[in-house]
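The values are calculated or read from the model by the stated rules, or taken from the named source; none is laboratory data. Fair warning: this is a prediction, and the values are worked out from it, not measured in the lab. A quick note on method: Cβ atoms are made from the backbone with ideal geometry, for glycine too, and the neighbour counts reach across all protein chains shown.
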Amino acid sequence: MAAKVMTSIYLTPSQKNALSRRAKQRHATVSEEIRTALDRHLERDDKGELQLGLLAGQANKSLTRMIGKLDEAHAAVSTLRRSLTARKR
């Protein structure tokens, strides 16, 4: 069993009642329910941050490609414009 550090939290009466009911249904203590919920929350949060990082990386690559395509299009339009301007002379 991992070492534990005592801490205090303030719950609303409805939170305390819900935790007590859930703990009783699962044959656990309120503390175990809180630790389980906290572990799940932190795990999900870590995964969410990882997913956000991956998505941000993909978005950055897409933006870099789009910027490159826009630069190419701008260069093509500039070349065409110069060509058309030269023909008018």
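Worth pointing out:
- Filtering I9, I67 for residues that are loosely packed, with under 10 Cβ neighbours inside 10 Å, modelled with pLDDT of 90 or more and of a type in the set (A, V, I, L, M, F, W, C) leaves a single hit, I9.
- Here A76 clears all of (1) surrounded by 10 or more Cβ atoms within 10 Å (Cβ to Cβ); (2) in contact (Cβ under 8 Å) with a residue 24 or more places away in the chain; (3) not hydroxyl-bearing (S, T, Y) except the condition numbered (2).
- Unique residue being modelled with pLDDT of 90 or more, more than 30 Å from S20 (Cα to Cα) and of a type in the set (A, V, I, L, M) when the list is A86, A76, A37: A76
- Flag for K24 being out of contact with any Leu (no Cβ under 7 Å at 6 or more places or on another chain), modelled with pLDDT of 95 or more, surrounded by 10 or more Cβ atoms within 10 Å (Cβ to Cβ) and under 30 Å from T7 (Cα atoms): yes
- Qualifying positions in segment 17-27 - more than 30 Å from the chain's Cα centre (by Cα) and in a helix (DSSP H, G or I): N17, S20, R21, A23, K24, Q25
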